[in-house]
Amino acid sequence: MGGYAWDGDDRWTPYEVRGWWARREAIRAWIASELGGAQNAREALRRYATYLDDGLEDYLRGYLFWLTEKREPRRGKPLPAL
C-alpha cells in the first residue's frame, strides 16, 4: 500500500476507468467466489460489494472529471458518464 494513489493519475485514462466500470460484474463474481475466506476478508469484501452498488459510480464520475479537467468539479455541475 506504500504507493497507493501515488501515480494513478498518470496511469488511468477516462477510457480505462470506463472499461473498468463496464467489467464490474466480473468484480462482483470475484467477490462472491472469495466470500468463503477468513471473517475479516469476508467483511471487507462485503463492504467493497456494497460500495460497488452505492457510491463508487459517483466517485468514478468525479474522478473522470478530474482526469479530463485537472480540477475538482463545481457543485451542481454535471459529471461525465461512465
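Could you list Asp54, Asp9 so that the one with the fewest beta carbons within 10 Å of its beta carbon is first and the one with the most is last? All intermediate terms of the calculation are to be shown ahead of the outcome.
Numbers: Asp54 9, Asp9 12.
Fewest to most other Cβ atoms nearby, the residues stand as Asp54, Asp9.
Can you give me the P(r) profile for the chain? Cα pairs, bins 5 angstrom wide beginning at 0, each as a whole percent.
3, 13, 19, 20, 20, 14, 7, 3, 1
Once the Cα atoms of helix 24-34 and of the chain are each reduced to a long axis, what angle between those two axes, in degrees from 0 to 90 to the nearest 10, is obtained?
Long axis of 24-34 versus the principal axis of the chain: about 20 degrees.
Here, each number is a calculation from the coordinates, and none is a lab measurement. As the structure is a prediction and not an experimental result, all values here were calculated from the model. Note that we place each Cβ from the backbone using ideal geometry, even for glycine, and neighbour counts take in every protein chain shown.
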